[in-house]
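These notes concern the structure reproduced below.
The values are calculated or read from the model by the stated rules, or taken from the named source; none is laboratory data. Only a predicted model underlies this, so the values are computations on that prediction, with no experimental measurement involved. Heads up, the Cβs are rebuilt from the backbone with ideal geometry, glycines too, and the neighbour counts pull from every protein chain shown. Surface areas here come from the heavy atoms of the whole protein model, side chains and all, with no ligands, DNA or RNA. Shrake-Rupley method; radii C 1.70, N 1.55, O 1.52, S 1.80 Å.
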Amino acid sequence: MSRFEAKKPSLCKTEPLTSESVRSTLSALKRILASCYGPSGRLKQLHNGLGGCVCTTSQSSALLRNLSVTHPILKVLTASVQNHVSCFSDCGLFTAILCCNLVENIQRIGLTPTKVIKLNKYLLGLCTSYLKSEACSCRIPVDFSSTHIFLGLVHSILTSKPACMLNRREADHISALILKAFLLTIPESTKDRVILGKLIIVPLKGQRVTDSTVLPGLMIEMSEVQLRILSPTQKSSALKVALFCVSLSGDFSNVGEGTVVVPYQVSLENAVLEQLLNLGRQLVGDQVDLVLCQKVMHPSLKQFLSEHHVIAIDRVGVSLMEPLSKVTGATPIGSLNTIASTTYGSIKDLCSARFGSKHFFHLIPNEATVCSLLLCSRNDTAWEELKLTCQTAMHVLQLTIKEPWILLGGGCTETHLAAYIRHKVLNEAEDIVREDGYSKAELQIATEAFCSALESVAGSLEHDGGEVLIDMKNGHFWSGPSDSTSVVNWPDMLSRCGCGLYNSQEGLSWSFLKCTYHPFAPQTCLAQAAVGSASNLTVDCFTAKLSGLQVAVETANLILDLSYVIEDKN
């Protein structure tokens with residue numbers, strides 16, 4: 001007899017952020033995330049006690065996917081960041097660290113959540129308005145007549161992921177390949193809307209990164225034996241293609257619910273095989289050159305097609321169906337009935353290729369909006385991280401096409417923005433207080449908490465105990481030696497700012513980032529040389545960072561507004 005337990009009452013907690021355990025847990029999460037931030041971020045190795053694969057990464061998408069959090073507040077934070085990353089691919093760590101900083105800073109100042117939330121929204125509005133304005137000096141317009149900015153953006157993404165284990169030459173090589181792949185996905189002729197193609201990443205592990213290459217079209221991996229049997233036909237015109245998403249094995253896996261009635265003395269297997277052969281006869285009659293099947297193809301059908309010089313490839317998998325449809329222009333066929341001629345597609349050519357120990361059929365399209373990146377790396381861990389980074393870079397390039405701006409990276413946008421907000425609030429405090437009903441002290445306290453949170457994100461880029469500074473002219477981020485607290489001659493100790501735009505020999509003065517400095521108006525006129533030297537700068541995706549800023553503030557406001565947490569313990 002089964003046992004029944006009495007239902008436990010739900011657990012209700014008031015003011016969750018006042019709990020010391022919640023604060024310490026949030027602080028621990030922030031330290032984990034902050035330690036991964038930037039090119040010199042520390043790697044994290046995640047695995048569970050039950051075994052399974054081990055994940056070594058510093059990327060927010062992999063980190064949060066494999067990190068188990070139990071407290072509802074942390075679940076809100078991680079879900080919010082993961083949703084941002086799923087939409088924009090980049091700036092996940094920036095978003096999470098800024099959100100944690102805001103919650104921690106606001107907890108210390110003692111203002112009521114209602115006032116803080118309104119003030120945070122106002123300060124966020126100042127940030128977004130400035131970043132979108134022509135006066136913003138940490139925003140660079142994208143010049144579509146040159147590849148320099150795009151290369152700089154991709155290179156910045158690659159070098160910010162240390163688990164990829166790339167040296168300078170390898171990073172340059174992969175950056176060029178990603179940009180080439182992106183350009184191949186842009187159609188040559190467009191109508192009202194531009195529909196970008198797709199990049200397929202093909203794994204080639206255990207080889208040199210510099211052996212990676214990009215090819216137009218699609219690579220279908222085959223065994224050497226299959227490749228010898230299915231030798232490509234030589235044809236001067238385009239090859240006609242049929243693409244099947246239904247099984248051609250003769251089984252009944254797709255008949256659905258119901259009863260199959262078989263007349264007496266009728267062989268079901270022979271009837272199905274005859275139907276498959278009739279399908280093969282139609283394909284031959286329609287002069288199809290290549291048959292691709294997502295699932296399994298019956299050996300007799302394969303032999304029949306081969307005898308009529310039709311190449312048949314099965315088990316291509318569901319992941320390649322969309323790219324195959326784009327490459328060939330064929331409509332996936334989902335039945336064994338008579339095939340309409342409009343469902344067929346075509347390709348320019350078909351050839352065999354070998355890379356490393358792997359063999360491929362290379363489908364060359366008439367118009368290359370689908371391409372294959374044969375990505376090499378030394379080991380599985382580095383390859384997985386590099387694959388994720390390449391996908392991020394491709395997505396960021398697509399976002400940059402929609403909003404043609406980039407932001408200065410290396411912490412400079414955060415410190416510049418903090419300096420701008422401090423100065424603007426100081427100068428316009430009377431007007432703000434008069435319009436919104438805050439006291440001047442409340443406005444100053446909330447502004448300091450907000451700006452300190454931004455500066456702390458920039459400070460997270462320093463992992464070796466060095467000094468973090470801000471210059472008092474441009475508001476850019478600088479990192480100095482760890483034993484330089486008493487140094488007065490900063491120009492000799494510093495090299496370039498975080499983004500690489502300014503050097504230390506330009507008559508600048510500095511202040512420690514963690515100390516209180518007098519608000520100043522950062523220079524709002526971007527040097528014209530910045531646009532030309534963008535390939536040598538560290539830059540960020542404008543769209544992803546702006547969204548990350550908004551998500552961080554809105555999530556912090558949501559967490560600060562929580563009064564009760566009700567958990568079902570059953």
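Taking interchain pairs and intrachain pairs at least six residues apart, which have beta carbon atoms under 9 angstrom, with the first residue in the range 170-182 and over 14 Å from LEU386 (Cα atoms) and free of Cβ contacts under 8 Å to residues at least 60 places away in the same chain and the second open to solvent by less than 20 Å² (accessible area, probe 1.4 Å) and assigned to a helix (DSSP H, G or I)?
Qualifying pairs under 9 Å: ALA176/VAL154.
Just to be sure I understand the filter: pairs with C-beta atoms under 6 Å, separated by 6 or more residues or on different chains, first member in the range 432-445 and without any contact (Cβ under 8 Å) to a residue 60 or more places away in the chain, second member open to solvent by 60 Å² or more (accessible area, probe 1.4 Å). Which pairs pass?
Correct list of pairs: VAL433/LYS440.
Look at LEU558 and say whether it is modelled with pLDDT of 85 or more, closer than 30 Å to VAL116 by Cβ and surrounded by fewer than 21 Cβ atoms within 10 Å (Cβ to Cβ).
yes
Out of the range 8-39, which residues are closer than 30 Å to CYS499 by Cβ and touching a residue at least 40 places away in the same chain (Cβ under 8 Å)?
Answer for the range 8-39, where residues must be closer than 30 Å to CYS499 by Cβ and touching a residue at least 40 places away in the same chain (Cβ under 8 Å): LEU26, SER27, LEU29, LYS30, LEU33, ALA34, SER35, CYS36, TYR37, GLY38, PRO39.
ILE401: at pLDDT below 95, closer than 25 Å to HIS155 by Cβ and open to solvent by 50 Å² or more (accessible area, probe 1.4 Å), yes or no?
Yes; evaluated as a whole, the condition is true for this residue.
Residue-by-condition table, conditions (1) over 30 Å from HIS47 (Cβ atoms); (2) open to solvent by 10 Å² or more (accessible area, probe 1.4 Å):
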{"site": "ALA330", "(1), (2)": "yes, no"}
{"site": "CYS351", "(1), (2)": "yes, yes"}
{"site": "ARG354", "(1), (2)": "yes, yes"}
{"site": "CYS371", "(1), (2)": "yes, no"}
{"site": "LEU374", "(1), (2)": "no, no"}
{"site": "ILE406", "(1), (2)": "yes, no"}
{"site": "VAL433", "(1), (2)": "yes, yes"}
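Specify which of the listed residues (GLN287, GLN265, GLN275) is open to solvent by 10 Å² or more (accessible area, probe 1.4 Å), at pLDDT 90 or above, polar (S, T, N, Q) and farther than 24 Å from THR213 by Cβ.
Testing whether each residue is open to solvent by 10 Å² or more (accessible area, probe 1.4 Å), at pLDDT 90 or above, polar (S, T, N, Q) and farther than 24 Å from THR213 by Cβ leaves just GLN287.
So, in the range 441-499, of the ones that are part of a loop (DSSP other than H, G, I, E, B), at pLDDT below 90 and charged (D, E, K, R), which residue ends up least open to solvent (accessible area, probe 1.4 Å)?
ASP464
When the range 1-49 is examined, which residues are found to be acidic (Asp, Glu) and either surrounded by 10 or more Cβ atoms within 10 Å (Cβ to Cβ) or at pLDDT below 75 (or both)?
Hits for the range 1-49 are GLU5, GLU15.
Where the second residue is surrounded by fewer than 21 Cβ atoms within 10 Å (Cβ to Cβ) and not β-branched (Val, Ile, Thr) and the first is on the phi > 0 side of the Ramachandran plot and lies in the range 456-472, which pairs have Cβ atoms under 7 Å and are six or more apart or on separate chains?
Sorted first by the residue in the range 456-472, then by its partner, the pairs are GLY465/SER482.
Which residue out of SER146, SER129 is modelled with pLDDT under 90 and under 27 Å from CYS525 (Cβ atoms)?
Of the residues listed, the single one that is modelled with pLDDT under 90 and under 27 Å from CYS525 (Cβ atoms) is SER146.
What's the number of the condition ILE140 fails, among (1) of a type in the set (Val, Ile, Thr); (2) under 27 Å from CYS376 (Cα atoms); (3) not in a helix (DSSP H, G or I)?
Of the numbered conditions (1) of a type in the set (Val, Ile, Thr); (2) under 27 Å from CYS376 (Cα atoms); (3) not in a helix (DSSP H, G or I), the odd one out for ILE140 is (2).
Given the conditions (1) among the aliphatic types (A, V, I, L, M); (2) buried (at least 16 other Cβ atoms within 10 Å of the Cβ); (3) modelled with pLDDT under 85, report the number of the one that VAL225 does not fulfil.
(2)
When only residues in the range 50-66 that are closer than 27 Å to ARG168 by Cβ and not small (Gly, Ala, Ser) count, which is surrounded by the fewest Cβ atoms within 10 Å (Cβ to Cβ)?
Filtering first and then ranking leaves THR56.
Hey, any hits in the range 411-423 for a residue that's acidic (Asp, Glu) and either farther than 30 Å from SER61 by Cα or open to solvent by 40 Å² or more (accessible area, probe 1.4 Å) (or both)?
No, there is no match, as no residue in the range 411-423 is acidic (Asp, Glu) and either farther than 30 Å from SER61 by Cα or open to solvent by 40 Å² or more (accessible area, probe 1.4 Å) (or both).
If GLU170 satisfies every condition in (1) in contact with a Ser or Thr (Cβ under 7 Å, 6 or more places away or on another chain); (2) closer than 25 Å to ILE220 by Cβ but one, which is the exception?
The single condition GLU170 does not satisfy is (2).
Could you pull out the residue among ALA96, ALA79, ALA135 that is of a type in the set (Gly, Ala, Ser), part of a helix (DSSP H, G or I) and open to solvent by 20 Å² or more (accessible area, probe 1.4 Å)?
One residue alone meets the criteria, ALA79.
Across the range 376-390, what is the total count of residues that are in contact with a Ser or Thr (Cβ under 9 Å, 6 or more places away or on another chain) and surrounded by fewer than 16 Cβ atoms within 10 Å (Cβ to Cβ)?
Matching residues across the range 376-390 total 0.
Looking at the range 148-249, what helices (runs of 4 or more DSSP H) fall wholly within it and have at least 3 residues that are within 27 Å of GLN45 (Cβ to Cβ)?
148-159, 168-184
Return the only residue of HIS416, HIS423, HIS395 being touching a His at 6+ places or on another chain (Cβ under 7 Å) and assigned to a helix (DSSP H, G or I).
HIS416
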